[in-house]
Amino acid sequence: MFFVSKLVIALLSPLGAFLFGGLLVLILALTGRRRLAFGLGLLALLWLWFWSLPMASDWVRGYLENQHPAIVVEAMPEAQAIVVLGGGVSPPDYGEVYPNLESGSDRVWYGARLLLAGKAPLVLLSGGSDPAYSATSEAEAMSRFMRDLGVPAEALVLEQRSRNTTENAEYSAAILAKQGVNRILLVTSALHMPRAKALFEAQGLTVIPAATDHEVQDRPLWRDVLPDTSALDGSSRAIKEIVGRWVGR
């Protein structure tokens, strides 16, 4: 199921759909169906072009992000625990010394700020890894960053088995249940929050969204209509969130 869900998401992404469409175009052309091949090729090109536009990317990302706008730490309510989801810090490969901070590392910073502001007594860090490539779990990598930010080690709880958001929710809920925790501040990127919140609530938890890493921003109109690789990446990640919710991942 893990592989199938990843395959479905890849095929429905703008680039994946374009490449799959290109393969179909090649097959149709080789079998003599050139008019159909031309039409499908044009459709695939338009699909890729549309999602490469910043205005289209902002639209689909804004649909997700606007459900959970940014809230300053001081205005957040208190909870029994803070849960920070992986996806912002990459664990070190074998032979490397330090984790790598990715674009979503705001998650860890925001989680640390919530704890240091007294919004909860502990932080659960959720994220596994592939031991064939990573020297530690993602949760351990996040914990190193958190400790550098001044979070005491005794306030950290690690969930180190999960590979996707569904497993984040399942394994985290099991750990939290043992500690008698039901009300949590859930920290993840705003783009990811709608899907993550739904999955954690499905585990019976009371979830207070603490969204961060908002991406959509105002820009000049002329930049909205020029194709851009960053916009294509943003569109792909937003579509992944939407499709991921359909397939339960």
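Of all residues being in contact (Cβ under 8 Å) with a residue 24 or more places away in the chain and out of contact with any Leu (no Cβ under 8 Å at 6 or more places or on another chain) in region 218-229, which is least open to solvent (accessible area, probe 1.4 Å)? Just the residue, please.
Step one: of region 218-229, the residues in contact (Cβ under 8 Å) with a residue 24 or more places away in the chain are 219, 223-229.
Pick out the ones that are also out of contact with any Leu (no Cβ under 8 Å at 6 or more places or on another chain) and you get 219, 223, 229.
Details: R219: 68, R223: 116, T229: 115 Å².
So the residue we want is R219.
If you go through region 197-209 one residue at a time, do you hit one that is β-branched (V, I, T), under 28 Å from A56 (Cβ atoms) and either touching an Asp or Glu at 6+ places or on another chain (Cβ under 7 Å) or touching a residue at least 60 places away in the same chain (Cβ under 8 Å) (or both)? No, because not a single residue in region 197-209 is β-branched (V, I, T), under 28 Å from A56 (Cβ atoms) and either touching an Asp or Glu at 6+ places or on another chain (Cβ under 7 Å) or touching a residue at least 60 places away in the same chain (Cβ under 8 Å) (or both). Filtering region 217-238 to residues that are at pLDDT below 90 and hydrophobic (A, V, I, L, M, F, W, C) leaves L221, W222, V225, L226.
If I go through region 141-177 residue by residue, how many of them are of a type in the set (A, V, I, L, M) and over 26 Å from E96 (Cα atoms)?
Just the residues of region 141-177 that are of a type in the set (A, V, I, L, M), to begin with: 141-142, 146, 149, 151, 153, 155-158, 169, 173-177.
Narrowing the set further to residues that are over 26 Å from E96 (Cα atoms) leaves 155, 169, 173-177.
Adding up the residues that qualify gives 7.
Taking region 4-72 and the helices (runs of 4 or more DSSP H) fully enclosed by it, the elements with 1 or more residues that are of a type in the set (K, R) are at 34-51, 54-65. Looking across region 198-217, just one residue is open to solvent by 40 Å² or more (accessible area, probe 1.4 Å) and closer than 20 Å to A139 by Cβ, and that is Q203.
For region 89-107, how many residues are free of Cβ contacts under 8 Å to residues at least 60 places away in the same chain and open to solvent by less than 40 Å² (accessible area, probe 1.4 Å)? Give the derivation first.
Of the residues in region 89-107, the ones free of Cβ contacts under 8 Å to residues at least 60 places away in the same chain are 89-102, 105.
Now restrict to residues that are open to solvent by less than 40 Å² (accessible area, probe 1.4 Å): 89-92, 99, 105.
Selection size over region 89-107: 6.
Inclusion of A173 among residues that are over 14 Å from the mean Cα position of the chain (by Cα) and not hydroxyl-bearing (S, T, Y) is warranted.
For region 93-105, how many residues are part of a loop (DSSP other than H, G, I, E, B) and within 19 Å of the chain's Cα centre (by Cα)? The qualifying residues number 2. Selection over region 37-55 of residues that are open to solvent by less than 80 Å² (accessible area, probe 1.4 Å) and more than 19 Å from the chain's Cα centre (by Cα) gives a count of 9. Taking the criterion of being exposed (fewer than 15 other Cβ atoms within 10 Å of the Cβ) and modelled with pLDDT under 75, the residues of region 1-19 that qualify are M1, F2, F3, V4, L7. Where residues in region 166-183 are modelled with pLDDT of 95 or more and of a type in the set (V, I, T), which of them is least open to solvent (accessible area, probe 1.4 Å)? In this case the residue turns out to be V181.
Looking across region 108-147, just one residue is within 14 Å of I82 (Cα to Cα), open to solvent by 10 Å² or more (accessible area, probe 1.4 Å) and without any contact (Cβ under 8 Å) to a residue 40 or more places away in the chain, and that is L116.
Just one residue in the set R195, R163 is among the basic types (K, R) and open to solvent by less than 40 Å² (accessible area, probe 1.4 Å); that residue is R195.
What tally of residues in region 180-211 results from selecting those that are in a strand (DSSP E or B) and under 19 Å from the mean Cα position of the chain (by Cα)? Show your work before the answer.
To start, the set of residues in region 180-211 that are in a strand (DSSP E or B) comprises 183-189, 206-211.
If we keep only those that are under 19 Å from the mean Cα position of the chain (by Cα) too, we end up with 184-189, 207-211.
Total satisfying the criteria: 11.
I'd like to know if region 20-35 contains one or more residues that are surrounded by 18 or more Cβ atoms within 10 Å (Cβ to Cβ) and modelled with pLDDT of 90 or more. Yes: one or more hits.
The values are calculated or read from the model by the stated rules, or taken from the named source; none is laboratory data. Keep in mind that this is a model prediction, so the values were computed, not measured. No Cβ is skipped: glycine too gets one built from the backbone with ideal geometry, and neighbour counts run over all protein chains shown. With ligands, DNA and RNA removed, areas are computed over all heavy atoms of the protein, side chains included. Shrake-Rupley method; radii C 1.70, N 1.55, O 1.52, S 1.80 Å.
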